[in-house]
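**Q** Pasting a structure here, questions to come.
The values are calculated or read from the model by the stated rules, or taken from the named source; none is laboratory data. In this text the structure is predicted, and so the values were computed from the model without any measurement. For neighbour counting, all protein chains shown are included, and Cβ atoms are generated from backbone atoms with ideal geometry for every residue, glycine included. Heavy atoms of the whole protein, side chains included, go into the accessibility calculation; ligands, DNA and RNA do not. Shrake-Rupley method; radii C 1.70, N 1.55, O 1.52, S 1.80 Å.
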Amino acid sequence: MTTNPISAWQARFRKAAEADQMDLLRHHLESLELPGEPELLLRGTLAMVPMALAYRSMDGDDIKQFLDMQTYDPARARDATYLLTFDLYGRAYGRIAVDRSLRECDLADMFGAAWRELELCGYHGFYITRVDGRELSPEEVAELQELVEKDLYFDYSEDELSVWFDDSRSPFFLYADVSERDESLND
């Protein structure tokens, strides 16, 4: 019998979270100054990773390598440089490990993704942190802003989407606020 790789990943991730009593998830939310219980981060991550994987597989990318990066303990995520933590309108938070290029997660596709189990679409914004927990350098912040804009504005025009960055709250994360522009303002 063949095991579904997504179901197997979800079971491993959930088991590791339960074994740790979700302390890593709790600490991650606190480090980003996000309200809520760690179950919100678990729930969102278990929904977002399969969605990101679906978009990657449509592009013909390596599914196994991506799933191997999505470890409960980010320090064990081989080849991961950053964590993207998405704010799903406060109903949940999803965490995806990515490399230096942020290529593992198509930000534009995820902005339009439907989260059935949460009864919403897209995300409000996301945080970028280093897997190793170190501060983001000013050069790194500038590079990350460029990568985020390049990804989002490949699929959306600047008339359709607004992206605003905040690195003033903490040297340990960059926040990207993403929203659709109001059509009535363009008339």
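**Q** Taking only complete DSSP H runs, can you tell me which helices of the chain stretch 18 Å or more along their own long axis by Cα positions and average at least -1.0 on the Kyte-Doolittle scale?
**A** Length and hydropathy pass: 5-19, 38-58, 138-155.
**Q** State the answer as a single residue: which of LEU107, PRO5, ILE63 lies farthest towards the positive end of the charge dipole of the chain, with beta carbon charges of +1 for Lys and Arg and -1 for Asp and Glu, about the Cα centre.
**A** Result: PRO5.
**Q** Hey, another quick one. What do you get for Rg/Rh of the stretch 132-187 when both radii come from the Cα atoms and Rh is the Kirkwood radius?
**A** Checking Rg against Rh, the ratio lands at 1.07.
**Q** Dipole of the chain, Cα-centred, from +1 at each Lys and Arg C-beta and -1 at each Asp and Glu C-beta, to the nearest 20 debye?
**A** Using only the charged Cβ atoms, the result is roughly 1120 debye.
**Q** So for ILE6, ILE96, what's the accessible-area order with a 1.4 Å probe, most first?
**A** Accessible-area ranking of ILE6, ILE96, largest first: ILE6, ILE96.
**Q** What does the highest-first list of 18-29, 33-44, 101-112 look like by mean Cβ count within 10 Å?
**A** 101-112, 33-44, 18-29
**Q** So, R0 is 25 Å and r is the distance between the beta-carbons of MET58 and THR3; what FRET efficiency does that work out to, to 0.05?
**A** 0.70
**Q** Given R₀ = 30 Å, what would the calculated FRET efficiency be for SER157 paired with GLU37, taking r from the Cβ atoms and rounding to 0.05?
**A** Efficiency, from the Cβ-Cβ distance: 0.20.
**Q** So how much slack lies between ALA11 and SER101, counting 0.36 nm per residue of separation and subtracting their Cα-Cα distance, in nm?
**A** 29.6 nm
**Q** How far is it, in nm, from the label point at GLU135 to the one at ARG78 when both lie 7 Å from their Cα along the line to the Cβ?
**A** Rounded to a tenth, the inter-label distance reads 3.3 nm.
**Q** Here are labelled values, (i) 16.1, 58; (ii) 17.6, 58; (iii) 18.3, 71, and one is the computed Rg and Dmax of the Cα atoms in Å for what I pasted. Which one?
**A** Label (i) holds the value from this structure.
**Q** Let me ask another. So, for the chain, what is the accessible surface per residue at a probe of 1.4 Å, expressed in square angstrom?
**A** Counting only protein heavy atoms, the per-residue value for the chain is 54 Å².
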